[in-house]
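Inspection log for the structure reproduced underneath, given as structure tokens.
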């Protein structure tokens, strides 16, 4: 199962009002109407996605946090001019990748170096198709996980997002289940997750 950059799924949100389970279009409408909760929910929904991209380019957590802040400011500034709300995720990936590539170019080039035609060719200018696909798959997994029942979310977190994964006995004790039932419930939760991913055009 793919993992995100931190090795853990994002925090679970079950409260009413705008939250990361809402569609992009619904959250964007709230943002454009000045709903601060919608802004918070939109950033929470895509926080791990935004952080993951600079880290794929070798950024530290601190540098990734700086890029996250820059992307958040650009998002706040440019969202009202977004023509197709259905294309929000692709647009967000693009601007985050460009910010990450800008950071990477600064790391590759020392201040005293001149940018010659030779070394300019070694600097990326656009995110690769493979990177975009990987980020899309990771986000689809996060959103599918958020649609599972709380028990399935807890179980999958303990079995797949812990290092090392917890043994069935500890999982059963934590969830108040019989140890022998964990394998069955695990399979049922993974089947549900697989169906949700398939509905988004992805497979486990």
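The values are calculated or read from the model by the stated rules, or taken from the named source; none is laboratory data. For clarity, every value in this text was computed on a predicted model and none was experimentally measured. Heads up, the Cβs are rebuilt from the backbone with ideal geometry, glycines too, and the neighbour counts pull from every protein chain shown.
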Seminar exercise, completed: Sole miss for residue 70 among (1) surrounded by fewer than 19 Cβ atoms within 10 Å (Cβ to Cβ); (2) at pLDDT 95 or above; (3) closer than 22 Å to residue 146 by Cβ is condition (3)
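Going by the conditions given, is residue 60 out of contact with any helix residue (DSSP H, G or I) (no Cβ under 8 Å at 6 or more places or on another chain), over 20 Å from residue 80 (Cα atoms) and in the same structural domain as residue 96 (by TED's automatic domain parsing)?
Numbers: out of contact with any helix residue (DSSP H, G or I) (no Cβ under 8 Å at 6 or more places or on another chain): yes; over 20 Å from residue 80 (Cα atoms): yes; in the same structural domain as residue 96 (by TED's automatic domain parsing): yes.
Against the criterion (out of contact with any helix residue (DSSP H, G or I) (no Cβ under 8 Å at 6 or more places or on another chain), over 20 Å from residue 80 (Cα atoms) and in the same structural domain as residue 96 (by TED's automatic domain parsing)), residue 60 qualifies.
On the basis of being at pLDDT below 90 and either farther than 19 Å from residue 141 by Cβ or touching a helix residue (DSSP H, G or I) at 6+ places or on another chain (Cβ under 9 Å) (or both), does residue 4 make the cut? Full working, then the answer.
Values: at pLDDT below 90: yes; either farther than 19 Å from residue 141 by Cβ or touching a helix residue (DSSP H, G or I) at 6+ places or on another chain (Cβ under 9 Å) (or both): yes.
In short, yes.
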Problem set entry | So residue 184, is it outside the structural domain of residue 63 (by TED's automatic domain parsing) and modelled with pLDDT under 90 | no
Problem set entry | Verdict on residue 176 being out of contact with any strand residue (DSSP E or B) (no Cβ under 9 Å at 6 or more places or on another chain) and on the phi > 0 side of the Ramachandran plot | yes
